[in-house]
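Bear in mind that the values in this text are calculations on the coordinates, not laboratory data. This one's a predicted model, so the numbers in the text were calculated from it and none came from an experiment. Cβ placement follows ideal geometry from the backbone for every residue including glycine, while neighbour counts extend to all protein chains displayed.
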Amino acid sequence: MEKVKISIRNLHKSFGKKRVLTGVDLDINAGESLVVIGGSGTGKSVLIKCIQGLLTPDDGSIKIDNQEVVGLGLSQQKKFHDKMGMLFQGGALFDSLSVWENVAFSLLENKKTPREKAKVEAIRVLRQVGLTPDVADLSPSELSGGMQKRVGLARAIITKPEIIFFDEPTTGLDPIMADVINDLIVESAKGLGATTLTITHDLASARKIADKVAMLYQGKIIWQGTVKEMDKTENPYVRQFINGSSQGPIKVEV
Amino acid sequence: MKKHQVEHFLRKLGKPLVKFIISLGELTLFIVKALYHCFTPPFYVKNFIKQLLEMGFYSLPVVGLTTIFAGMVIALQSYSGFARFGAESAVASVVLISVTRELAPVLSALMVAGRVGAAMAAEIGTMRVTEQIDALVTLSTNPFKYLIAPRLWSGVIVLPILVLIGDIIGIFGGYVVGVYKLGFNPANYINSTLQNMESIDIVSGLVKAAVFGFIVALMGCYNGYRSKGGAQGVGQATTNAVVSASILVLIFNYVLTEIFFSK
């Protein structure tokens, strides 16, 4: 049997009266790429933020490498953050720092690597994501959206994390750039042998990245399987989502 | 009054009260957490020095202009006012006392609240809504240590230095008006300033400045850190930071004066 890297049981999270997650059960095997699909506002981001400890769930359990992470303080979480990387939807690059300082942030601040060495390493990883060394000294605001995503990816993988999270990696990019980013995600995850969790509503991206797909609807995982199974499934919710139809069991709240 | 009317009235009274108590509790928790991280490593010295420059060095022109005019106007006002009972000679000591005890610390703090407190709230608020603070956490960096502790430290250290410089400039402003407009003898003016100077005047002003510096930085960080909802939220946070810092500075100014000078 494969080793389970992240195991989520009965996860609940509400904001005021709005119940966002209502009992999520999900397992992610080591080295596997899981893509969670679902409409806007179904709690995909909340799920990732709970796993990372950025939000505290109301109820339920999240285990990483068989260790409970719910309820840990910031200093205990650090141990887990050291093995995780995250690519944020908007990049979330620090605009007070240059591109290479962003990429090398963990090396500079946590591992106390000397600046020259950190810069060399940052430029190496920037090349790996297809950026030339001359962007290293620019400020993040001088880059295009696609380039910012690449820098965000470089920042997420420079510490060779065991787990990488991708929050809507292709949103806001043109189809070609989106495909380039998808390739980079697959390449870097396979290269590192990392376990990845991606949330997206871009099916082209899901098909390319995923070993397994799970669909989140009304706060629960209602279906999961491989990409092939996704295309064949009779599940009306999944069918409606992949066909992009307004008719079906999923009602859009206007 | 009927029963449901009473209930309605109480509800109207209670809701804002509960809200106020909740936000007071949130602020207290924030302060405790921030202070804890101010005194525990790791310390981000580079961020601290950057804040020192931003808060201190670049505030010098504003503080200088504010205090010089404050000193000048006090000289002018006290001269014309004291002429009523023939006490014009007290101008030098009035300038000294009012500048060092009150005007330099309070006016500098208000100017710094507008200049730096607002910028802090806007910067941290933008980092919050663009997920940069979440990114810090995922990169194993505590935002309280990385963002907030350096700002609080620099607030406490920088404002007394600014006020000390403001003291000198403000007294000089009084001197300029006293000597060149009101016709005091320069040597006499300086002598009477020095003779009347007591350490409590300066010290109380500097202690006030340290407290005000903490308040300004705290309000900037607190409002920025909890801002939400995009550009509008950041704008709201900035306004709140300046308004709350200014009001708190004036309240604490009275409290500290009471502690120092009422016997």
Tell me the label-point distance for the pair B:V243, A:E116, using the 7 Å Cα-to-Cβ offset, in nm and rounded to one decimal. 5.4 nm
Rounded Å value of the spacing that divides the Cα centres of the stretch A:96-172 and the stretch B:32-57: 25 Å
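Assuming a ≥ b ≥ c are the square roots of the Cα gyration tensor eigenvalues, decide whether the stretch B:1-89 counts as rounded (a/c under 1.5), prolate (otherwise, with a/b larger than b/c) or oblate.
Oblate.
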Under 17 Å from the Cα of B:K12, which lysines turn up, not counting those fewer than eight places away in the same chain? B:K2, B:K3
Loop-located chymotrypsin sites (Phe, Trp or Tyr not before Pro) in the stretch A:186-254, at most 12 other Cβ atoms within 10 Å (DSSP): none
Computed lengthening from B:K228 to B:F82, 0.36 nm per intervening residue step minus Cα-Cα distance: 47.2 nm
Shielding of A:87-98 by partner chains, average beta-carbon count, 10 Å: 4
If R0 = 60 Å, then A:D183 and B:K2, at their Cβ-Cβ distance, give a FRET efficiency to the nearest 0.05 of 0.25
Average beta-carbon neighbours from other chains, 10 Å sphere, peptide A:66-76: 1
Per the C-alpha gyration tensor (a ≥ b ≥ c, the square roots of its eigenvalues), the stretch A:137-207 is rounded if a/c is under 1.5, else prolate if a/b beats b/c, else oblate; here it's oblate
Rounded to a whole number, the mean other protein chain Cβ count within 10 angstrom for residues of B:126-136 is 6
Cα-based shape type of the stretch B:109-151, given that a ≥ b ≥ c are square roots of the gyration tensor eigenvalues and the cut on a/c is 1.5: oblate
What dipole magnitude, in Debye to the nearest 20, does chain B give about its Cα centre under +1 on Lys/Arg Cβ and -1 on Asp/Glu Cβ? 980 debye
Rounded to the nearest 500, what is the 222 nm mean residue ellipticity of the protein assembly as shown from helices alone, with -39500 (n - 2.57) per DSSP H run of 4+ residues and division by all residues? -19000 deg cm²/dmol
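Of the DSSP beta bridges with both residues in chain A, give the percent that are antiparallel, rounding to the nearest 5.
Of all bridge pairs located within chain A, approximately 55 percent are antiparallel.
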Calculate the dipole size of the stretch A:1-146 relative to its Cα centre from +1 charges on Lys and Arg beta carbons and -1 charges on Asp and Glu beta carbons; express the result in debye to the nearest 20. 320 debye
With R₀ set to 35 angstrom, the calculated FRET efficiency between the beta-carbons of A:S139 and B:V255, to the nearest 0.05, is 0.20
Return one number: the angle in degrees, 0 to 90 and rounded to the nearest 10, between the long axis of the Cα atoms of helix B:45-55 and the longest principal axis of the Cα atoms of chain B. 50 degrees
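Based on DSSP H assignment, which helices of chain A show an axial Cα extent of at least 27 Å together with a mean Kyte-Doolittle hydropathy greater than or equal to 0.5?
Qualifying helices: none.
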Stokes-Einstein D in µm²/s, Kirkwood radius over Cα pairs - the stretch B:1-157 at 20 °C with 1.002 mPa s viscosity: 108 µm²/s
Calculate the spin-label point distance for A:R9 paired with B:L164, positioning each point 7 Å from the Cα along the beta-carbon direction, and give it in nanometres. 6.1 nm
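Share of antiparallel DSSP beta bridges in the protein assembly as shown, in percent to the nearest 5?
Among the beta bridges of the protein assembly as shown, antiparallel pairing accounts for roughly 55 percent.
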On Cα atoms only, tilt of B:186-196 relative to the major axis of chain B in degrees: 60 degrees
